[in-house]
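The values are calculated or read from the model by the stated rules, or taken from the named source; none is laboratory data. Small disclaimer: the values here were computed from a predicted structure and weren't measured. Note: ideal-geometry Cβ built from the backbone for every residue, glycine included; neighbour counts use all protein chains shown. Quick note on the areas: whole protein, heavy atoms, side chains included, nothing else; ligands and nucleic acids left out. Shrake-Rupley method; radii C 1.70, N 1.55, O 1.52, S 1.80 Å.
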Amino acid sequence: MSETNPGLATGPDGLVRTAWALGSEMMCRYYDTEWGMPICEERGLFERLSLEGFQSGLSWSTILSKRENFRAAFADFDPEIVADFSQEDVQRLLTDAGIIRHRGKIMATISNAQATLALREQGGLAALIWSYQPDRTPVPRSLEEIPTRSAESEALARRLKAEGFRFVGPTTVFALMEAVGMVDTHVVGSHRRGSSGVSFSNQPA
């Protein structure tokens, strides 16, 4: 941990990161290469939304360690395929030890795939999600200053629910917004702060 900021940690490579990134090599790699980088296409957003839903009540590292299993189980998160999953598929998933065997979350993923397809008539999932991008981003200087929800995540959660999505509460949606670069919650001082390329009116110099 940083002597001056416990929200930051210096890795063996000398780079400063938000402290949670050094929980494991897997988490560090995810933090450095994926987390907070923009995703603007349907399948990628459907995957992240699905995984965030499965993460509810669990640690993200648990989900991340099972991501390849999830991809295999859910047809690489192709919403057209998942939307047609049958009861036989549900039973298959409930016996798959490589994923989280939660019936409600499995059923929600299937119904969310169906809702994703329905959104194509309105511009698509990506257009809907990114229309809630805020002009300003959090500027956390400690882990305690990182919010877990926002006015935009609350509004987006309501909209997604109205469109038929499930397991999309405001906290889950805010985590999605962090993961896909809609907000930047890297603690100030991290080498990844501002790396997404997404501009905000209050991004510190």
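Would you pick out the residues in region 1-50 that are over 13 Å from His191 (Cβ atoms), among the acidic types (Asp, Glu) and surrounded by fewer than 19 Cβ atoms within 10 Å (Cβ to Cβ)? Scanning region 1-50 gives Glu3, Glu25, Glu34, Glu41. Can you tell me which residue in region 123-138 is surrounded by the fewest Cβ atoms within 10 Å (Cβ to Cβ), limited to those that are of a type in the set (S, T, N, Q) and in contact (Cβ under 8 Å) with a residue 24 or more places away in the chain? Residue satisfying both the conditions and the ranking: Gln133. Among all positions in region 86-95, there is at least one residue which is assigned to a loop (DSSP other than H, G, I, E, B) and more than 17 Å from the chain's Cα centre (by Cα). Quick check on Thr109: is it among the hydroxyl-bearing types (Ser, Thr, Tyr) and either surrounded by fewer than 16 Cβ atoms within 10 Å (Cβ to Cβ) or assigned to a loop (DSSP other than H, G, I, E, B) (or both)? Criteria not met by Thr109.
Scan region 149-205 residue by residue and report those that are of a type in the set (Phe, Trp, Tyr) and over 21 Å from Gly44 (Cα atoms). Working first, answer last.
Here is the first cut: in region 149-205, the ones of a type in the set (Phe, Trp, Tyr) are 165, 167, 174, 200.
If the condition is that a residue be of a type in the set (Phe, Trp, Tyr) and over 21 Å from Gly44 (Cα atoms), then Phe200 is the only one that fits.
Going through region 139-150 one residue at a time, which ones are surrounded by fewer than 18 Cβ atoms within 10 Å (Cβ to Cβ), in contact with a Ser or Thr (Cβ under 9 Å, 6 or more places away or on another chain), assigned to a loop (DSSP other than H, G, I, E, B) and not β-branched (Val, Ile, Thr)? Pro147, Arg149 - these are the residues of region 139-150 that are surrounded by fewer than 18 Cβ atoms within 10 Å (Cβ to Cβ), in contact with a Ser or Thr (Cβ under 9 Å, 6 or more places away or on another chain), assigned to a loop (DSSP other than H, G, I, E, B) and not β-branched (Val, Ile, Thr).
Could you please find all residues in region 185-200 being surrounded by fewer than 22 Cβ atoms within 10 Å (Cβ to Cβ) and either touching a strand residue (DSSP E or B) at 6+ places or on another chain (Cβ under 8 Å) or over 19 Å from Thr10 (Cβ atoms) (or both)? Within region 185-200, Gly189, His191, Arg192, Ser196, Gly197, Val198, Ser199, Phe200 meet the criteria.
Taken over region 154-184, residues that are touching a helix residue (DSSP H, G or I) at 6+ places or on another chain (Cβ under 6 Å), surrounded by 20 or more Cβ atoms within 10 Å (Cβ to Cβ) and more than 13 Å from Leu49 (Cα to Cα) amount to 1.
Of everything listed in (1) open to solvent by less than 20 Å² (accessible area, probe 1.4 Å); (2) at pLDDT below 95, the single unmet condition for Gly57 is (1). Take the conditions (1) within 22 Å of Lys161 (Cβ to Cβ); (2) assigned to a helix (DSSP H, G or I); (3) of a type outside the set (A, V, I, L, M); Phe70 misses just one of them, which is (1).
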